[in-house]
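These notes are about the structure you will find just below.
Quick note: the coordinates plus some simple rules give every number you see, no bench work behind them. Computed from a predicted model, the values in this text were never measured in an experiment. Cβ: placed from backbone, ideal geometry, glycine included. Neighbour counts: every protein chain shown.
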């Protein structure tokens, strides 16, 4: 099945606090508004300070193959606070979907700004 439910390269800029948990929720729908079955899809989130760096040097990367509700097109990413504690400033990110048959599509991209945490005593580091 072709990847549907998102226009190529939707630009969405994100903001999070340094050292905080952050969730990205995704809901895939076709052009008629019906849920897209994402069973067997891999979703990849990559965050880099420079887009020219290889993925192996990314500030954060996560692949998701187990979805909240694959039949109804519901998935997402969780960035734990320990993964964001050293991130401060503006980064570039994208999310790619890989459907069965290795069809790849960038479904979302933009800047990801991590604001410096003022309160640090609650850190669980």
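Thinking of region 13-59 as a set of Cα atoms, what percent of all their pairs are more than 13 Å apart?
Counting pairs separated by more than 13 Å, the tail of P(r) holds 74 percent.
So for 116, 93, fewest C-beta neighbours within 10 Å to most, what's the order?
Fewest-to-most Cβ neighbours within 10 Å comes out as 116, 93.
Using Cβ contacts closer than 10 Å as the measure, can you line up 113, 121 from fewest to most?
Ordered from fewest to most neighbouring Cβ atoms within 10 Å, 113, 121 come out as 121, 113.
For n ≥ 4 DSSP H runs only, could you compute -39500 (n - 2.57) per run for the chain, divide by its residues and tell me the 222 nm figure to the nearest 500?
After summing the helix terms and dividing by the residues of the chain, the value is -500 deg cm²/dmol.
For the pair residue 30 and residue 14, how long in nm is the line joining their label points, each one 7 Å along Cα→Cβ?
2.8 nm
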